[in-house]
Amino acid sequence: MEPEAFADLLRQSGDKAYNFAYRLAGNEQDARDLVQEAFARALGHIGSYDPSRAFGSWLLRILHNIFLDGTRRLAHRRTVSLDAPAPVEDASWEDILPAKDMSAADELIRCESIDMIQLALERLPPHYKAAVVLCDVEGMSYDDIARIMKAPVGTIRSRIHQGRLLARKAYEELERSGGIRQ
Amino acid sequence: MTAHVDGPELSAYLDGALAPEPRARIVLHMSSCADCRAELDSLRHLKLALSSAPRKRMPADLALALERRFASGARPWYAPLTKPMIWAPAGALTVAVTAVSLWLRFAATLDEIPLEPLLAAHARYSAEALVHEDNLVASNYLDQLNDLPDASESEIQ
């Protein structure tokens, strides 16, 4: 690949990849590492890239896999399932689903701190977090998300919804505990 | 009133990811269900909050570093990401397995070679090669040596 072609790919996909990485990782250093390794792997396996698909989506898929690999290693240490909605402590699905308290959700749009949203996102299990970020932050379609996460559209639909409910619950808990200044 | 809208279907409705038929069914249901309308509003607010978070842009120094590494030439810039700590033990194991298998094969071959004929042949050729001491004196061959043609200088050189 010519350097000019690589520079084009970087311009087209760099910001999107970095934003996705940042939302997944929650900090700049991990986001940089994720992006660097994603580009490295993409170019190392450029032969398996299907040019009829968007390079950006392919790159996000690689980045997502790297993120999951790292999360799995941590999960093994902590014995936490990737799909387990564990981060919201003491919350059953009955607590989460009915959305009894709308005020916290309403607060989100006039939230004084974007960091609260990021913190709520960070509490999600990896699969839910990736689905919500790709849908609500990156604005991608369910079909594209399914390709990136290598899962059926029905599974993606479920992860997006449950991820939103968990994010809402996490936000409410952050509010109750004094937010990010706790 | 019909049952409440299934949660994932409500999210899909919010995201515009439903086919016309289920979408129409949900619209009809929500016209008479305040709970589902409230839940949809809550999800919409959450989606708006998430999507309005400022987007992070790739730091310029990172983009520059990636470009430089790519352009740096001979050695692939992603080479450092390969993990020698994984390949070194694998290589050592491969070498060890190859050496042991070669040794086993060689040892088996040695066992299969019959030594007796080899020893007999060695003894026979050794006996035939014996030369009497008189025949080792050069002066006995002067006639034959004198008959030899002179070597040219070029041949000597």
Overall form of the stretch B:23-63 per C-alpha gyration tensor (a/c, 1.5; a/b vs b/c): prolate
Inter-probe distance in nm under a simple model that places probes 7 Å from Cα toward Cβ, at A:Arg72 and B:Asp143: 9.3 nm
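Rank-order A:15-26, B:15-26 by packing density, defined as the average count of other C-beta atoms within 10 Å over each peptide's residues, highest first.
Final packing ranking: A:15-26, B:15-26.
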Cβ-Cβ FRET estimate between B:Ser126 and B:Ala90, R0 fixed at 51 Å, reported to 0.05: 0.50
Alpha carbon centroid spacing (whole Å) that separates the stretch A:123-155 from the stretch B:1-66: 13 Å
Whole-Hz couplings from phi, Karplus 6.51/-1.76/1.60, listed for the stretch B:94-106; x for Gly and Pro: 4, 4, 5, 5, 4, 4, 5, 5, 5, 5, 4, 5, 5
Nitroxide proxy distance, nm - points 7 Å out along Cα→Cβ at B:Ala38 and A:Ser52: 4.9 nm
Residue exposure sequence - A:Arg147, B:Arg44, B:Arg124 - by fewest surrounding Cβ within 10 Å: B:Arg124, B:Arg44, A:Arg147
Likely footprinting exposure, A:Phe39, B:Phe106, fewest C-beta neighbours within 10 Å first: B:Phe106, A:Phe39
Cβ-based exposure ranking for A:Ser13, A:Ser57, in which fewest neighbours within 10 Å come first: A:Ser57, A:Ser13
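No value in this document is a laboratory result; all are computed from the given coordinates. Values in this document were obtained by computation on a predicted structure and should not be read as measured data. Methodologically, a virtual Cβ is constructed for each residue, glycine included, from the backbone with ideal geometry; neighbour enumeration extends over all protein chains shown.
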